[in-house]
């Protein structure tokens, strides 16, 4: 049954999302595009862009994939599956983390995790780049957006909207 498969896929992704939702982008792509063929890479990139317009891009992506696969019920199943398991883990881990306050291992663990999280985020960037349509113009827009994000404090949602407007005109 498709609802069960959606629940399993997004529950596993939820539990792998260490370091934030962007860390699971490569595995989500592998599951929903490459393995199950529920959507294609271009749709995956579009769903990501839509997700960035609201808080919780990964949760929004789960809802969009679920909807594409199985309608409203699919969206609900995927959203709950990506949110609830990690929420329960974070609740439990936060309790344990609080008990480690002052322990030297707490700082060591935190320092050791940072490069892994950074690597997972960059893997997500390269995964999303596979779904880019529009060739050099789209790549140029991505480079400009990256530079603007690094040197300004502009709102990400407004940048996504601006890129969408530019893309609608230039990439027709």
### Task
Check the range 59-72 and report whether any residue there is out of contact with any helix residue (DSSP H, G or I) (no Cβ under 9 Å at 6 or more places or on another chain) and over 29 Å from residue 164 (Cβ atoms).
no
### Query
Here is a list of conditions, (1) within 19 Å of residue 25 (Cα to Cα); (2) touching a helix residue (DSSP H, G or I) at 6+ places or on another chain (Cβ under 7 Å); (3) assigned to a helix (DSSP H, G or I), and residue 53 meets all of them except one; can you say which number that is?
(3)
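Here's the yes/no breakdown for (1) closer than 23 Å to residue 156 by Cβ; (2) at pLDDT below 85; (3) part of a helix (DSSP H, G or I):
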{"site": "94", "(1), (2), (3)": "no, no, yes"}
{"site": "98", "(1), (2), (3)": "no, no, yes"}
{"site": "102", "(1), (2), (3)": "no, no, no"}
{"site": "105", "(1), (2), (3)": "no, no, yes"}
{"site": "114", "(1), (2), (3)": "yes, yes, yes"}
{"site": "123", "(1), (2), (3)": "yes, yes, yes"}
{"site": "132", "(1), (2), (3)": "yes, yes, no"}
{"site": "138", "(1), (2), (3)": "yes, yes, yes"}
{"site": "141", "(1), (2), (3)": "yes, yes, yes"}
## Note on the structure
Across the range 112-132, the tally of residues that are loosely packed, with under 12 Cβ neighbours inside 10 Å and closer than 28 Å to residue 168 by Cβ stands at 1
### Test: residue 83 is modelled with pLDDT under 95 and either under 26 Å from residue 167 (Cα atoms) or outside any helix (DSSP H, G or I) (or both)
no
#### Entry: Top-ranked residue of the range 1-48 - restricted to ones that are in a helix (DSSP H, G or I) and modelled with pLDDT under 85, ranked as farthest from the chain's Cα centre (by Cα)
16
### Message
With the structure loaded, tell me whether residue 135 is within 23 Å of residue 41 (Cβ to Cβ) and surrounded by 11 or more Cβ atoms within 10 Å (Cβ to Cβ) or whether it fails that test.
### Response
no
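The values are calculated or read from the model by the stated rules, or taken from the named source; none is laboratory data. The structure presented is a predicted model; accordingly, all values stated were derived computationally and were not measured. Don't worry about glycine lacking a Cβ; one is built from the backbone with ideal geometry, like all the others, and counts go over all protein chains shown.
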